[in-house]
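To start, the structure under review is shown below, and the notes come after it.
The values are calculated or read from the model by the stated rules, or taken from the named source; none is laboratory data. Note that the structure is predicted; figures quoted are calculated from it, not measured. Quick reminder, even Gly has a Cβ in these numbers, built from the backbone with ideal geometry, and neighbours come from all protein chains shown. These area figures cover heavy atoms from the full protein model, side chains too; ligands, DNA and RNA do not enter into them. Shrake-Rupley method; radii C 1.70, N 1.55, O 1.52, S 1.80 Å.
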Amino acid sequence: MTIHIINPNSSAHVTAHMAEAIAPITAKSPVALACHTLHEGPPGIETQAHVDGVVQPLLAFSDTLRDGASAFVVACFSDPGLAAMREAHDVPVLGIAESAYMQAMLMGQRFGILSLGRASIQRHIRYLGALGISDRLAADLPLGLGVLELADEERTLARLGEVGTTLRDRFGADVLITGCAGMAQYRARLENMTGLPVVDPCQAAAAAAVGQVMLSACNDKREKRV
């Protein structure tokens, strides 16, 4: 049985950073975790058209992984196709954004999101409203970078530090969320720069997926005893 974590963009380096971020979870998990790249996706999911466009390829790809799947994780902070994936599969399907929000609310009262660009923020605001948790958002601020530009460590770290500090000092955030799977490699350094806990969405979703699988296994064993 395997938890399949699917990166809906076609950037293999993003998938590699995701796998690196969840490596400590993978090492201790009683169920296998595997990261995949959706090669039909765009290099980065940065617009609503990108979000909408990956849903069908994502469904088709996940269907090839159905046998032996114990859970799926949609590893894009827009959670594309999450409802459709849940409808298509009879195992847990988690989105990294929803998982990050849930984790952040366990760690602090008001969370701040570091987004790629302003267009991303509008999608996040709509999603937070749909989840009914808008009042827990301190602010959502853009880095002004694209997914591919995140590979520039010096520039990305400078922007993460600037925006993270602003979320803390100006907006009162007491926990931060990195708003893109492509930021996975920067979580610990952002935490050091701001002194705040930082939630990496891929880690949050992977840990939650392991928990869901284990909870289901425990309940199955209990029901068999009864």
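For the range 1-29, name all the residues that are of a type in the set (S, T, N, Q) and open to solvent by less than 50 Å² (accessible area, probe 1.4 Å).
Within the range 1-29, 2, 7, 9, 10, 11, 15, 29 qualify.
All but one of (1) of a type in the set (Gly, Ala, Ser); (2) without any contact (Cβ under 8 Å) to a residue 60 or more places away in the chain; (3) in contact with a helix residue (DSSP H, G or I) (Cβ under 7 Å, 6 or more places away or on another chain) hold for residue 179, so report the exception by its number.
(2)
Just one of the numbered conditions (1) more than 18 Å from residue 202 (Cβ to Cβ); (2) free of Cβ contacts under 8 Å to residues at least 12 places away in the same chain; (3) over 17 Å from the mean Cα position of the chain (by Cα) is not true of residue 28; which one?
Just one mismatch for residue 28, condition (1).
Could you list, in sequence order, the residues of the range 164-183 that are open to solvent by 10 Å² or more (accessible area, probe 1.4 Å) and in a helix (DSSP H, G or I)?
Looking only at the range 164-183, we keep the residues that are open to solvent by 10 Å² or more (accessible area, probe 1.4 Å), and these are 165-166, 168-172, 174, 180.
Correct list: 165, 166, 168, 169.
Restricting to the range 124-148, give me the number of residues that are without any contact (Cβ under 8 Å) to a residue 60 or more places away in the chain, open to solvent by less than 40 Å² (accessible area, probe 1.4 Å) and under 15 Å from the mean Cα position of the chain (by Cα).
Residues meeting the conditions: 2.
Taking the range 1-51 as the search range and keeping residues that are in contact with a strand residue (DSSP E or B) (Cβ under 6 Å, 6 or more places away or on another chain) and small (Gly, Ala, Ser), which one is nearest to residue 63 (Cα to Cα)?
Residue satisfying both the conditions and the ranking: 34.
Only one of these is in contact with a helix residue (DSSP H, G or I) (Cβ under 6 Å, 6 or more places away or on another chain), within 22 Å of residue 209 (Cβ to Cβ) and not hydroxyl-bearing (Ser, Thr, Tyr): 130, 104, 100, 173. Name it. Steps first, please.
Values: 130 fails: in contact with a helix residue (DSSP H, G or I) (Cβ under 6 Å, 6 or more places away or on another chain); 104 fails: in contact with a helix residue (DSSP H, G or I) (Cβ under 6 Å, 6 or more places away or on another chain); 173 fails: within 22 Å of residue 209 (Cβ to Cβ).
Step by step, each of 130, 104, 100, 173 is checked, and only 100 is in contact with a helix residue (DSSP H, G or I) (Cβ under 6 Å, 6 or more places away or on another chain), within 22 Å of residue 209 (Cβ to Cβ) and not hydroxyl-bearing (Ser, Thr, Tyr).
Does the range 1-29 hold any residues that are over 23 Å from residue 218 (Cα atoms) and part of a loop (DSSP other than H, G, I, E, B), and which are they?
Residues satisfying the conditions are 8, 9, 10, 11, 22.
Any residue in the range 94-123 that's within 12 Å of residue 204 (Cβ to Cβ) and free of Cβ contacts under 8 Å to residues at least 40 places away in the same chain: show its pairings with residues that are surrounded by fewer than 21 Cβ atoms within 10 Å (Cβ to Cβ) and not polar (S, T, N, Q) at Cβ separation under 6 Å, as long as the two are six or more apart or on different chains.
Partner pairs satisfying both residue conditions: 105/136.
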